[in-house]
């Protein structure tokens, strides 16, 4: 019984934390209160469910409990009778049926508010991780490599700006959606990449963050079905995440793409990603996310590493560099050139790219393939100074030993 | 909510653009705001070279010829608008002719 309660609560937390906070912000207009009352509701659930059993719709129970808690808190703190009135009028009652069915998904409201373009990109992601994904301040601080008090201050500042600057808590009107969606896509992709290649810590993949980003992207594509980049991002994340379990070995060491066990890839996710991608490119408005998804699709559909269509991948990178000339994209293009035209061509392509944390590792690999062992070892050592991820470090150290 | 719009631009460029006819779109901008009833205040300023900066130090009034921040980009106008939220204020700011060659800072007004 006890185990059941803890299991259901953990599942509900993973699935519903964001929805609960989002609903409570809508009802109270107070971000801190919303988070605290949601936390309180989970604590109350642990006690009550053990005594009375698990309710039929855990999320509805938690929503009601969190809302009642908010009403109590507002009353007790006497911060304004008006707030309480607006909370108890029937029109502001949470529509539990709609919440249960997921139709009235408050997460979109929260997502668009967190990702308002008046906030910096890192602020958007930090706040989304806190409110939508339920990460603790300490976890977010670790992700961004800053001390916890610094992150706490940043979160306070972001929430303060939302309140004081009058950033509306709503999904933008249809005419503003096209200009507002790119900021949301950027934040979701950053959330995903943080989950996919955690910049620090023992694990290469933080699966919960990846799932949350994919889930939110899916909700978003429901809102903007005609936006090919939204579908492109969803496809990209599905295709990349499908390889997640094959990216680290049993000992937690990173396994490079060409050495991965392709039967361990999640083929259902690959099929879902390819289906999204087909829907997206049919619109004939190709953008960076679709191009990256097309590249991921080349890898996902290659029967073996040797059979990968590197020439097509280089072509796609050429298109991608034209629209998104970031250091990451240029370094990845150099990798593709190295595979399509040989390691010397790869080195030549790499020479023209801006410096990137991955550059030494890429150079090391190309030098190794050219048989220039001494230079390769030097580059692997430099690469080790550029990452704190333990799985990546283990891989690089392994290369140095051979 | 009330927002202060702090309109600034390269002053030389602003003079050129105004000469080229940016006044027409400025009239459209202000007329629209007046009709919507959102404009609480609006002032246009003389060029920054006419400014005097005042400081009180150790009980003494010190004057400096010129604006407090040197530079080509200078504030040329201020407006206070009353609107629903930041999105509406941003839309108003973006429609100001100076936004096309300078910038508009949107600041929420503190209510006591």
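Bear in mind that the values in this text are calculations on the coordinates, not laboratory data. Just so it is clear, the structure is predicted and the values come from calculations on it, not from any experiment. For neighbour counting, all protein chains shown are included, and Cβ atoms are generated from backbone atoms with ideal geometry for every residue, glycine included.
With the convex hull built on the Cα atoms of region A:268-354, state its orientation-averaged projected area in nm².
Its average projected convex-hull area is 5.8 nm².
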**Prompt:** If you build the Cα gyration tensor of chain B and take the root of 5 times each eigenvalue, what three semi-axes come out, in whole angstrom, biggest first?
**Reply:** 27, 20, 11
**Request:** Can you tell me the order of A:261-271, A:18-28, B:76-86 when each peptide is scored by its average per-residue count of other Cβ atoms within 10 angstrom, highest first?
**Result:** A:18-28, B:76-86, A:261-271
**Request:** Given the peptides A:139-147, B:28-36, arrange them by the average over their residues of other C-beta atoms within 10 Å, most packed first.
**Result:** A:139-147, B:28-36
**Asked** Expressed as an acute angle from 0 to 90° and rounded to the nearest 10, what is the orientation of the C-alpha long axis of helix A:121-131 relative to the principal long axis of chain A?
**Response** 50
**Prompt:** So what are the three principal axis dimensions of chain A from its Cα atoms, in whole Å, longest to shortest?
**Reply:** 75, 45, 38
**Request:** Any chance you could give the angle, 0 to 90 degrees and rounded to 10, that helix B:86-95 forms with the longest Cα principal axis of chain B?
**Result:** 80
**Message:** Need one value for B:79-87: mean number of C-beta atoms belonging to other chains within 10 Å of its residues' C-beta atoms.
**Reply:** 3
**Asked** Which whole number gives the average, over all residues in A:118-125, of C-beta atoms from other chains lying within 10 Å of the residue C-beta?
**Response** 1
**Asked** For the protein assembly as shown, what is the mean residue ellipticity at 222 nm derived from helices alone (per DSSP H run of n ≥ 4: -39500 (n - 2.57); sum divided by total residues; nearest 500 deg cm²/dmol)?
**Response** -19500 deg cm²/dmol
**Request:** Consider just the alpha-carbon atoms of region A:322-402 and return their Rg together with their Dmax, both in angstrom.
**Result:** 12.4, 39
**Prompt:** So for A:48, A:248, fewest C-beta neighbours within 10 Å to most, what's the order?
**Reply:** A:48, A:248
